[in-house]
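> Here you go, one structure.
Bear in mind these aren't lab numbers, they're just calculated from the coordinates by the rules spelled out. Keep in mind it's a predicted model, so treat the numbers as computed, not measured. Note: ideal-geometry Cβ built from the backbone for every residue, glycine included; neighbour counts use all protein chains shown.
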Amino acid sequence: MFFRCTGPPIPREVKQAEILEHDLWGTGGPQYAPQEYQSYKFALRKAKDDLIRESSKFFLFRDYGYVQAELRALLKEGERLRIAIQNRKDSRASGVERQIAAAQARIEKLGRLASTVNEGYLARRTLTKAGVALIEADLLHKKGEFDSAQERFNRLNGYLGDAQETLAPIFTRYTDQTQIAKWRRWVEETVSESRNRGSVAIVVSKIDRRLILYQTGSLFKSYPIAIGRNGSSSKLHAGDRATPEGKYWIVRKLSMSKYYKALLINYPNEDDKDMFVSAKKRGKIPRSVGIGGRVEIHGGGKDGMTYGCIALDNDHMDEIFAMVDVGTNVTIVGSTDDDNDISSALEGL
Amino acid sequence: MGYFVLAIAVVFMFAGCGSPPAQELDAAKASIQGAAAAGAEKYAPEDLKKLNDRLSAANDEIKAQEGKWFKSYDKAKEMLVKLKADADALKPTIAAKKEQAKNNATAAQNAAKGAVDKAKNLLAKAPAGKESRAEIEAMKADVKGLEEGLAEVGKLVAAEDYRPAADKAKAISEKAAAVSDQVKKAMEKVAAAKKAKK
């Protein structure tokens, strides 16, 4: 009565299905195919419960046939799931690689934009933080931690948004058709007057960093220049380190100055004074700050930045100094080109 | 009399089957929960999964016995006792892994600080000539951004987020090294310009 009874062997597929479940977990089932992974686990649980139920029968009545069939179907499904997980991981990896490349390009574009407008503080600081987030995302991508990499991208995009917001007040003027048309009109009027009077005129394009000398309405020569630290903005007050925009003339020629030779222009003109008063009323300028003055075209070298003046190499300054007089028109504009460096840099941002 | 003996034998047979190992089951569960609370999910996720799978297997063994006429929980008991011992043995290894992760993060943090300080010192020495003023100012902003990043690393270490802290610190080190290279190039540019003027 007490002899040992054995029934049919436990299907080996149950162990295989358990090993496969562990593999699916290890290769990212919960992350990349959560529903399918849970379905597999549920089906495995059911198969095991069926196995337990069958095992509890008297050995002569045990039949693992249907359990074995269940488990074989489960193993097939598990293998399909394994492939699906790998495909999704590969797809995520490609997606992250694309994001890395796009973010790199965006950081570089904004960096160039910041350099173009000489914004070397807030935007630059934020772009550095974006650069750090990008390196982190790349490290995580290489470790296959795509969710964490995505979190870094979200942060990075926030930084890039902040940088763009910082730069926007400076560069939106260079994409504003009305503003560009106004600048273009100033230049045309200046060149036309030079032609009509048979005189010399100076036109400065800040975005191109060029000073163009006109003689009798024809382009005589173009010179590279440096402008203010915040030269891409239009000068509003003393100490803002911006280079003014408008129609001016030379009021004084200085053969000896702090920066070699210098040509003093009549900043602030009436438009400048109106803008200053308006900005003061709106509280945009501190009470104690004046409108500024002493804006010159001078020598001392074109490399670097000024406090708002226009600087050239000394030999170029010599040429210009010799050709101009007190009263020579000087027109300073942001750009006359719709397709300028800033508008081009903004494309795709 | 014979029937009486037979009845006693049957009673003893069923009585000798034992009861489900509830104590051992609770002890094993508590040990696994203890390992999870100690950080197994973060520092030893595969070990934790295996422990949970073994707990499930022990439960299956108990269920299998419950459905039988002649129950024996010896195997389930043995499984649970071993499971508890293994879960208890896992805890100190988690502590060691956590300590290692902390050391890695701290080392990376120090390296990042060193790299940022190096860039700062180079910038302090860089001649702020007209030719380089814009670049130097921009690089000072870079360093400021990196210092803000270092502060974030500090917060992550304090919150025991050691892996993100180490990743961020490595990224900062890389960026700081790039800034140092840029400073050196800017200094070389200024030196070359000075030489040309002479």
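> Averaged over peptide A:129-141, how many Cβ atoms belonging to another chain are found within 10 Å of each residue's Cβ?
Counting Cβ atoms of other protein chains within 10 Å of each residue's Cβ and averaging gives 6.
> For residue A:221, enumerate residues with amide H under 5 Å from its amide H, sequence gap 5+ or separate chain, H modeled in the peptide plane.
A:213
> For residue A:200, which sequence-distant residues (separation of 5 or more, or a different chain) have an amide H within less than 5 Å of its own amide H, given hydrogens modelled in the peptide plane?
A:216
> Moving to a separate point now. Any chance you could check the Cα centroid distance between the stretch A:234-282 and the stretch A:55-129 for me, in angstrom?
Between the Cα centres of the stretch A:234-282 and the stretch A:55-129 lies a distance of 58 Å.
> What would the Debye equation give as log₁₀ I(q)/I(0) for the stretch A:214-270 at q = 0.14, 0.17, 0.29 Å⁻¹, counting only Cα atoms as equal point scatterers?
Taken in order of the listed q values, log10 I(q)/I(0) reads -0.52, -0.77, -1.20.
> What translational D, rounded to a whole number of µm²/s, comes out for the protein assembly as shown from Stokes-Einstein when the hydrodynamic radius is the Kirkwood one over Cα pairs, at 25 °C and 0.890 mPa s?
For these conditions, the coefficient is 81 µm²/s.
> Within a 10 angstrom radius of the beta carbon, how do A:234, B:72 rank from fewest other beta carbons to most?
Ascending number of Cβ neighbours within 10 Å: B:72, A:234.
> Which order do A:152, A:88 fall in if you start with the one that has the fewest other Cβ atoms within 10 Å?
Ordered from fewest to most neighbouring Cβ atoms within 10 Å, A:152, A:88 come out as A:88, A:152.
> By how many degrees, 0 to 90 and rounded to 10, does the Cα axis of helix A:177-197 deviate from the longest principal axis of chain A?
The two axes meet at around 30 degrees.
> Follow-up question, since we're still on this one. Run through the stretch A:208-272 and list the trypsin sites (Lys or Arg not before Pro) located in a DSSP loop whose Cβ has at most 15 other Cβ atoms within 10 Å. Let's see the in-between values first.
On the way: sites: A:209, A:210, A:221, A:229, A:235, A:241, A:247, A:252, A:253, A:258, A:261; in loops: A:209, A:229, A:235, A:241, A:258.
Of the trypsin sites (Lys or Arg not before Pro), the ones in loops of the stretch A:208-272 whose Cβ has at most 15 other Cβ atoms within 10 Å are A:258.
> Set the bar at 31 Å for Cα to Cα. Now go through A:182/A:281; A:89/B:185; A:143/B:185 and name every pair that lies beyond it.
Cα-Cα > 31 Å for A:89/B:185; A:143/B:185; rest within.
> Pairs A:235/B:195; B:125/B:170; A:129/B:102; B:125/B:195; A:284/B:189; A:41/B:168: which are spaced more than 28 Å apart, C-alpha to C-alpha?
Details: A:235/B:195 35 Å; B:125/B:170 25 Å; A:129/B:102 24 Å; B:125/B:195 18 Å; A:284/B:189 38 Å; A:41/B:168 36 Å.
Over 28 Å apart, Cα to Cα: A:235/B:195; A:284/B:189; A:41/B:168.
> Okay, next question. Arranged by the count of other C-beta atoms within 10 angstrom, fewest first, what order do A:51, B:80 take?
If I rank by nearby Cβ atoms, fewest first, I get A:51, B:80.
> Applying the Karplus parametrisation 6.51 cos²θ - 1.76 cosθ + 1.60 with θ = phi - 60° to the phi angles of the stretch A:94-106, what ³J(HN,Hα) value in whole Hz is obtained for each residue in order, glycine and proline being reported as x?
5, x, 5, 4, 5, 5, 4, 5, 5, 5, 4, 5, 5
> Are there GluC sites (Glu not before Pro) in the stretch B:98-163 that DSSP marks as loop and that have at most 15 other Cβ atoms within 10 Å, and which are they?
Passing both the DSSP loop test and the Cβ count: B:160.
> How tilted is helix A:270-281 with respect to the longest principal axis of chain A? Cα atoms for both, answer in degrees (0 to 90, nearest 10).
50 degrees
> For chain B, set up a Gaussian network in which alpha carbons nearer than 10 Å are linked by springs, and say which option among B:63, B:175, B:97 fluctuates the most.
Looking only at B:63, B:175, B:97, the biggest GNM fluctuation is shown by B:63.
> Against the longest alpha carbon principal axis of chain A, how many degrees, from 0 to 90 and to the nearest 10, is the axis of helix A:146-171 turned?
Once rounded, the angle reads 10 degrees.
> If you don't mind, there's one more thing I want to ask. Suppose the Debye formula is applied to equal point scatterers at every Cα of the stretch A:166-297; what is log10 I(q)/I(0) at q = 0.12, 0.17, 0.18 Å⁻¹?
With no solvent term, the Cα-only Debye profile gives -0.52, -1.06, -1.18.
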